[in-house]
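Trainee: Got a structure for you, questions after.
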Amino acid sequence: MCTQVVAWGLPKYVGKQIANWIYRHRVSSFEEMRNLSKQTRARLAEVAYVGLSEPVMGQKSKDGTIKYLYKTKKGNFVETVYIPSGDRATLCVSCQVGCKMGCRFCMTGRQTWCESLSTSDILNQIFSLPEYDNLTNLVFMGQGEPFDNTDAILKALAILTSAEELGWSPRRITVSTVGILPGLKRFLDESECHIAISLHNPFPLERERIMPIQKAYSIYDVVQLLRQYDFCLQRPHNADASKQRRLSFEYIVFKGLNDSHMHAKELVRLLQGLDCRINLIGFHAIPDSEFVGASAQEMEAFRNYLTHHGVYTTIRASRGQDILAACGMLSTQEQQRQIRQADYPANS
Ligand code: SF4
């Protein structure tokens, strides 16, 4: 903000004043920024605007989850999921329209990549949320890969966690990645937010078949990098866990694909000595997919093996499946198709 206002010919401190008005007082015009001079407000009105972009649509699940559709500044569409649960309310934020990673179990991965969101489009999903005041946690696990959009993500995290701006605790924010090493390293060095790694298979060749990113960045190298940082395992009754950075691994359990004793054993070996937890996730079937999710009993048996061998493991509850808001189900392909049709009418 400070660099931008200097470019507009204004003093650097004006940037801090503007940030304070926007993020703390949530004003929607320069006129409301009462400690700025009349000339400064007039100059700002010439070069910029303040405003939120409300969601264009909301769908509510029978479990209370709400999926919102936002329009980006470039005119594309992106989804955001609000997940209330007891005294917590989590927002699952997106960072791209579509995704280049092509994970084979994910609807977003099937959608053509259109856009990496700007910092303001990322933050807009949070500030424009009708339930903003209820939010307790943020997870960057929506559409897109955060470290394929590292600059915008790190800037959004810096604004969210800056004491002068929003003052969110980094311990209430989790960023999830498939493991793009340069972005992951920058994140680990520059941010204190929690990190989640999409693992899904401990054997490189098998992982590559469902996650093409494995060819570029092996899970072995990802784990090797993570070993160079300190994390704190979040177990129940562990008082320190709320104060330190947490590392978790996401593991969708597919029937007959990654749920064997051999996979569980290899997971224990791969993660040995790391202060981390594994979140087991049920597979949410997507159209024309060859994958089948493991049953609840199979997931419990898998969890029990890991837990008994020293890897703290939980099974994540599925939310918003009936409105296609659960893990791996987000897609704005249909809305994007309508934009393309409007741009290129069939008879043109
Ligand atoms: S799982 Fe994440 S990284 Fe993989 S295709 Fe889907 S959105 Fe992209």
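The values are calculated or read from the model by the stated rules, or taken from the named source; none is laboratory data. Computed from a predicted structure; not experimentally measured. Note that each Cβ is placed from the backbone with ideal geometry, even for glycine, and that neighbours are counted across all protein chains shown.
Trainee: Kindly indicate whether any position in segment 117-129 is among the aromatic types (Phe, Trp, Tyr), free of Cβ contacts under 8 Å to residues at least 60 places away in the same chain and over 21 Å from residue 248 (Cα atoms).
Mentor: We begin by selecting, within segment 117-129, every residue among the aromatic types (Phe, Trp, Tyr); these are 127.
From what's left, free of Cβ contacts under 8 Å to residues at least 60 places away in the same chain: none.
The answer is no; no qualifying residue exists.
Trainee: Name, by its number, the condition in (1) over 26 Å from residue 331 (Cβ atoms); (2) touching a helix residue (DSSP H, G or I) at 6+ places or on another chain (Cβ under 7 Å) that does not hold for residue 140.
Mentor: Of the numbered conditions (1) over 26 Å from residue 331 (Cβ atoms); (2) touching a helix residue (DSSP H, G or I) at 6+ places or on another chain (Cβ under 7 Å), the odd one out for residue 140 is (1).
Trainee: Pairs needed: first member in segment 44-61, under 22 Å from residue 319 (Cα atoms); second member anywhere, among the small types (Gly, Ala, Ser); C-beta distance under 8 Å; at least 6 residues apart or different chains.
Mentor: Partner pairs satisfying both residue conditions: 55/128; 59/325; 61/320; 61/325.
Trainee: On to the next question. Looking at residue 161 and the list (1) among the polar types (S, T, N, Q); (2) within 14 Å of the ligand (Cβ to nearest atom); (3) touching a Cys at 6+ places or on another chain (Cβ under 9 Å), which single condition is not satisfied?
Mentor: (2)
Trainee: How many residues does segment 311-326 hold that are within 20 Å of the chain's Cα centre (by Cα) and closer than 25 Å to residue 263 by Cα? Reasoning before the result, please.
Mentor: Restricting attention to segment 311-326, the residues satisfying the condition of being within 20 Å of the chain's Cα centre (by Cα) are 314-321, 323-326.
Imposing the further condition that a residue be closer than 25 Å to residue 263 by Cα reduces the set to 314-318, 326.
Result for segment 311-326: 6.
Trainee: Still on this structure, please answer the following. Which one of the conditions (1) at pLDDT below 95; (2) farther than 24 Å from residue 248 by Cβ does residue 107 fail to meet, given that it meets all the rest?
Mentor: (2)
Trainee: A further question on this structure: Consider only pairs whose beta carbons are under 9 Å apart and that are at least six residues apart or on different chains; among these, list those whose first residue lies in segment 99-111 and is farther than 20 Å from residue 258 by Cβ and whose second residue is within 7 Å of the ligand (Cβ to nearest atom) and in a helix (DSSP H, G or I).
Mentor: Cβ pairs passing all conditions: 99/108; 99/109; 100/109.
Trainee: Anything in segment 188-223 that is within 12 Å of the ligand (Cβ to nearest atom) and under 30 Å from residue 162 (Cα atoms)? List them, or say none.
Mentor: Within segment 188-223, 196, 197, 198 meet the criteria.
Trainee: Test residue 266 against the criterion of being free of Cβ contacts under 8 Å to residues at least 24 places away in the same chain, out of contact with any Lys or Arg (no Cβ under 7 Å at 6 or more places or on another chain) and either crowded, with 16+ Cβ neighbours inside 10 Å or assigned to a loop (DSSP other than H, G, I, E, B) (or both), and give yes or no. Write out each step before concluding.
Mentor: Values: free of Cβ contacts under 8 Å to residues at least 24 places away in the same chain: no; out of contact with any Lys or Arg (no Cβ under 7 Å at 6 or more places or on another chain): yes; either crowded, with 16+ Cβ neighbours inside 10 Å or assigned to a loop (DSSP other than H, G, I, E, B) (or both): yes.
In short, no.
Trainee: Six or more apart or on different chains, Cβ atoms under 8 Å: show the pairs whose first residue is in segment 321-332 and part of a loop (DSSP other than H, G, I, E, B) and whose second is more than 10 Å from the ligand (Cβ to nearest atom) and of a type in the set (Phe, Trp, Tyr).
Mentor: Matching pairs, first to second residue: 328/283; 332/77.
Trainee: In segment 110-155, which residues are in contact with a Ser or Thr (Cβ under 9 Å, 6 or more places away or on another chain), at pLDDT below 95 and within 16 Å of the ligand (Cβ to nearest atom)?
Mentor: Across segment 110-155, the qualifying residues are 110, 111, 114.
Trainee: Take the conditions crowded, with 21+ Cβ neighbours inside 10 Å, within 16 Å of the ligand (Cβ to nearest atom) and in contact (Cβ under 8 Å) with a residue 12 or more places away in the chain and apply them to residue 276. Does it pass? Working first, answer last.
Mentor: Working: crowded, with 21+ Cβ neighbours inside 10 Å: yes; within 16 Å of the ligand (Cβ to nearest atom): no; in contact (Cβ under 8 Å) with a residue 12 or more places away in the chain: yes.
It is false that residue 276 is crowded, with 21+ Cβ neighbours inside 10 Å, within 16 Å of the ligand (Cβ to nearest atom) and in contact (Cβ under 8 Å) with a residue 12 or more places away in the chain.
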